[in-house]
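Peer 1: The structure follows.
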Amino acid sequence: MGDFITPEANFAALSDDRILGKALDNRAGCALMVELFKAFENTDATLYGVSTVQEEVGLRGAQTSVQKIEPDIAIILDTLVAGDTPNINPINFPLKLGGGAGIPLFDKRYLAHKKLTRAFKTLAEKLDVPLQFCTLKTGATDGGRYNVMASGRPVIAFTLPTRYLHANSSMISIYDYDVTKELVATFINTYNTSTHEKISQF
């Protein structure tokens, strides 16, 4: 009595586009970050990567990291509930597996920066890759700290639609993962002082 127990969660490729694995929230975001570093070739910018802790209990890791780094902009890589899951309301959770990169426009603590959002929408059209948008009344990403701490900064979150979030095993789409990687990698590799001035000036 009192012992903790959880079902064994093994990695599995369920199809050409579906993978099942343990703690994809937020191992998927960490994997994306590593791949973005591998793809980063922009000598006009400095790229920082942060794997935060204690997001679920107050975005605490995000708060300490933004104060330490003080980045010019922040791009959050996370996961969100996929609404195409049995017993999940697709109105409240409109993201779908295989529908492309997800961008929450706001959550309980975060607002997507309008100019950053517009820049990514333009880039997605240029690359011919799909975007999905959602809003959240509950829950929050680390963006909620990056847009208010240390004078604040432009922030946008990318969230992979995920089935069975917070269960012992969860599911994502390889297509959504690859589209998000392509979009963010292209953006950070072309980001420069001129782009930053356009985005940060009101």
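Peer 1: Restricting attention to segment 143-181, which residues are open to solvent by 30 Å² or more (accessible area, probe 1.4 Å) and within 20 Å of His113 (Cα to Cα)?
Peer 2: Listed by number, the residues that qualify are Arg145, Asn147, Val148, Met149, Ala150, Ser151, Lys181.
Peer 1: Follow-up. Would segment 77-99 turn up any residue that is among the hydrophobic types (A, V, I, L, M, F, W, C), farther than 25 Å from Ser169 by Cα and not in a helix (DSSP H, G or I)?
Peer 2: Looking through segment 77-99, none of the residues is among the hydrophobic types (A, V, I, L, M, F, W, C), farther than 25 Å from Ser169 by Cα and not in a helix (DSSP H, G or I).
Peer 1: Among the residues of segment 133-142, how many are touching a strand residue (DSSP E or B) at 6+ places or on another chain (Cβ under 7 Å) and either crowded, with 19+ Cβ neighbours inside 10 Å or in contact (Cβ under 8 Å) with a residue 40 or more places away in the chain (or both)?
Peer 2: So the answer is 4.
Okay, residues lined up against (1) in contact (Cβ under 8 Å) with a residue 60 or more places away in the chain; (2) aliphatic (A, V, I, L, M); (3) open to solvent by 40 Å² or more (accessible area, probe 1.4 Å):
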position	(1), (2), (3)
Phe11	no, no, yes
Leu14	yes, yes, yes
Gly21	yes, no, no
Val66	yes, yes, no
Asp72	yes, no, yes
Ile76	yes, yes, no
Leu95	yes, yes, no
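Conditions tested, residue by residue: (1) β-branched (Val, Ile, Thr); (2) under 14 Å from the mean Cα position of the chain (by Cα).
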site: Thr138; (1), (2): yes, no
site: Ala157; (1), (2): no, yes
site: Arg163; (1), (2): no, no
site: Ser169; (1), (2): no, no
site: Tyr175; (1), (2): no, no
site: Lys181; (1), (2): no, yes
site: Thr186; (1), (2): yes, no
site: Thr190; (1), (2): yes, no
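Peer 1: A further question follows. So His113 clears everything in (1) modelled with pLDDT under 90; (2) more than 24 Å from Ala167 (Cα to Cα); (3) open to solvent by less than 40 Å² (accessible area, probe 1.4 Å) except one condition, right? Which one?
Peer 2: (1)
The values are calculated or read from the model by the stated rules, or taken from the named source; none is laboratory data. These numbers were taken from a predicted model, which means no experiment stands behind them. Here Cβ is always computed from backbone atoms with ideal geometry, including for glycine, and neighbour counts include all displayed protein chains. Each accessible area value is taken on the protein alone, full model and side chains, heavy atoms only, with ligands, DNA and RNA left out. Shrake-Rupley method; radii C 1.70, N 1.55, O 1.52, S 1.80 Å.
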